[in-house]
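One structure is given here, and the rest of the page talks about it.
The values are calculated or read from the model by the stated rules, or taken from the named source; none is laboratory data. Remember, predicted model here, so these are calculated numbers, not experimental data. Note that each Cβ is placed from the backbone with ideal geometry, even for glycine, and that neighbours are counted across all protein chains shown. In case anyone asks, the SASA skips ligands and DNA or RNA and just uses the protein heavy atoms, side chains included. Shrake-Rupley method; radii C 1.70, N 1.55, O 1.52, S 1.80 Å.
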Amino acid sequence: MLLFLSVPQPRPPGARTRAGAARVARWRRLRLQQLRRLRGLLRGLRGRPGTGSRRRGRMALCGQAAGAASLPSELIVHIFSFLSASDRLRASARWLEVLRTYLELVLCVLVSIRNNRNLQKFSLFGDISVLQQQGSLSNTYLSKVDPDGKKIKQIQQLFEEILSNSRQLKWLSCGFMLEIVTPTSLSSLSNSIANAMEHLSLLDNNTPGSSTLITAAELERFGNLRSLALDFCDFTAEMARVLTDNNHVPLQRLSLLVHNVSVMHKSLDNMPNDEHWKALSRKSTSLRVYIMAFDIKSEDMLKILKPSIPLERIHFDSYITCVSGAIVDLISRQYDKFLTHFILMNDMIDTSGFPDLSDNRNEDPLVLLAWRCTKLSLLAIHGYTVWAHNLIAIARLRGSDLKVLEVTEESIDFDQGELADQDVDPVHNLIEQVSLGLGQPWHAVMDIESLSVFTEPNRHFYREMQSFSEDV
């Protein structure tokens with residue numbers, strides 16, 4: 001028998017009454033300390049940085065008659081991730097079982113469609129967070145489950161067989177699948193099928209070394225691509241040149257994943273410069289770009305964010321490296337004509353509190369973003385300080401055009417003037433003013449686990465990339 005315990009999300013004491021307004025600040029400080037401690041305790045239930053699932057807040061407890069085998073596989077895997085290499089090997093029976101099951105499931109799926117010549121849309125997503133450590137799969141466990149590499153080779157061969165047998169394929173999308181795609185996989189597609197493809201996405205930050213899943217020469221065969229999704233480090237200046245050739249139809253959607261693991265192992269030296277982006281935009285005036293950045297340093301983001309990128313969506317996800325106010329300000333100035341989605345997620349454990357983007361600035365960068373980016377329709381923030389008066393300003397600036405405003409309650413703070421006014425309940429006033437600004441009822445997000453963009457960033461990006469690419 002399993003007993004599930006959930007972490008409650010209490011309200012501030014007296015937050016809805018005038019008499020309790022002065023207690024909000026003290027409650028917030030206590031609440032923040034509690035949350036930090038809980039994050040430390042529950043960190044083992046989440047995925048590693050940028051690798052997918054980060055579920056937390058629930059623990060499975062076994063009764064005396066039950067053993068470790070009763071625990072969910074994901075929990076077992078994360079517990080093992082904190083052991084040393086030698087201890088892990090001694091306690092890895094369930095770990096190996098999870099990996100073995102994963103390989104068998106992949107094989108089963110691919111075998112079932114290997115001879116399907118009518119396949120038009122082939123989309124695979126593999127959430128391998130429970131199998132990854134610091135962004136790459138441990139070869140120790142893979143070699144134990146598949147010591148001679150036969151299963152991995154079989155998976156790769158089946159994937160290539162499906163591609164070679166396809167006769168109507170228009171959409172090929174593979175995201176975070178365990179070594180299923182290799183640098184030679186796309187060569188299995190015939191020239192006629194490659195030329196007829198309308199969407200291609202190959203996302204895998206587990207690709208070793210400097211190897212890429214597609215080259216500029218291979219991309220030349222895909223003359224009718226309307227949408228493309230790649231690791232940013234794989235999208236080179238030469239690829240941008242190929243996409244501007246006359247024998248290619250104008251590209252409409254481009255999704256790019258910037259992962260700290262890729263940036264560490266691959267160079268940014270070959271990325272497109274601003275002239276390449278200008279050429280791409282001239283080729284297709286309707287080109288729009290979606291970027292997701294996992295733990296990317298500010299100096300690297302400054303290199304990546306070229307002024308001529310038609311950036312419509314950007315999603316920052318951080319465990320180690322916070323986004324700076326300068327980066328937010330740069331985005332609002334450079335992409336004011338295009339930006340519709342801005343997501344800012346931070347899960348750093350820092351007892352000093354959340355970073356404040358408005359520190360030492362006359363104007364808050366998030367307010368400036370709302371003011372400059374007149375097409376902004378979605379704003380989601382967690383793990384950065386958002387002052388209540390600035391949140392009200394954002395709602396008023398964008399009004400009903402801001403369809404989604406998701407800010408976690410632990411990210412919101414109040415200045416001393418708001419707390420000192422005994423005649424106004426600051427929390428109630430915030431909810432009322434933001435709701436009036438947006439023209440619809442609004443509440444802060446009380447349960448961070450309800451945000452899939454936070455708990456499962458890989459899955460969120462892959463799902464959003466699919467819908468973004470289909471919207472052509």
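Identification of helices (runs of 4 or more DSSP H) wholly contained in segment 192-283 with 3 or more residues that are closer than 17 Å to Thr182 by Cβ yields 216-219. Just one of the numbered conditions (1) more than 18 Å from the chain's Cα centre (by Cα); (2) at pLDDT 95 or above is not true of Val289: (1).
Scanning segment 235-247 for residues that are in contact with a Lys or Arg (Cβ under 9 Å, 6 or more places away or on another chain) and open to solvent by less than 10 Å² (accessible area, probe 1.4 Å) yields one hit, Leu243.
The number of residues in segment 340-364 that are outside any loop (DSSP other than H, G, I, E, B) and either surrounded by fewer than 23 Cβ atoms within 10 Å (Cβ to Cβ) or touching a residue at least 60 places away in the same chain (Cβ under 8 Å) (or both) comes to 4. Restricting segment 87-105 to residues that are closer than 21 Å to Ile180 by Cβ and surrounded by 14 or more Cβ atoms within 10 Å (Cβ to Cβ) leaves a set whose member that is modelled with the lowest pLDDT is Trp95. The single residue among Phe222, Phe294 that is in contact with a strand residue (DSSP E or B) (Cβ under 7 Å, 6 or more places away or on another chain), open to solvent by less than 10 Å² (accessible area, probe 1.4 Å) and modelled with pLDDT under 95 turns out to be Phe294.
Annotation: of all residues in segment 249-270 being modelled with pLDDT of 95 or more and over 16 Å from the mean Cα position of the chain (by Cα), the one that is surrounded by the most Cβ atoms within 10 Å (Cβ to Cβ) is Arg253. Screening segment 450-470 for residues that are surrounded by fewer than 17 Cβ atoms within 10 Å (Cβ to Cβ) and touching a Lys or Arg at 6+ places or on another chain (Cβ under 9 Å) and picking the one that is modelled with the highest pLDDT gives Glu470. Scanning segment 323-348 for residues that are under 22 Å from Asn260 (Cβ atoms) and of a type in the set (D, E, K, R) yields a total of 1.
The residue that is modelled with the highest pLDDT, among those in segment 415-449 that are under 30 Å from Asp295 (Cα atoms) and open to solvent by 70 Å² or more (accessible area, probe 1.4 Å), is His443. Within segment 310-338, the residues that satisfy the criterion of being modelled with pLDDT of 95 or more, open to solvent by 20 Å² or more (accessible area, probe 1.4 Å) and in a loop (DSSP other than H, G, I, E, B) are Asp336, Lys337, Phe338.
When segment 373-432 is filtered for residues that are under 23 Å from Phe454 (Cα atoms), more than 22 Å from the chain's Cα centre (by Cα) and in a loop (DSSP other than H, G, I, E, B), nothing remains.
Name every residue in segment 143-180 that is of a type outside the set (Asp, Glu), more than 24 Å from Gln466 (Cβ to Cβ) and surrounded by 15 or more Cβ atoms within 10 Å (Cβ to Cβ), in order of residue number.
Taking segment 143-180 as the starting set, the residues that turn out to be of a type outside the set (Asp, Glu) are 143-145, 147, 149-159, 162-178, 180.
Cutting the leftovers down to more than 24 Å from Gln466 (Cβ to Cβ) gives us 143-145, 147, 149-154, 157, 164.
Passing the criteria: Lys144, Val145, Lys151, Ile152, Gln154.
Among the residues making up segment 229-249, a single one is touching a residue at least 60 places away in the same chain (Cβ under 8 Å) and within 15 Å of His199 (Cα to Cα): Ala229.
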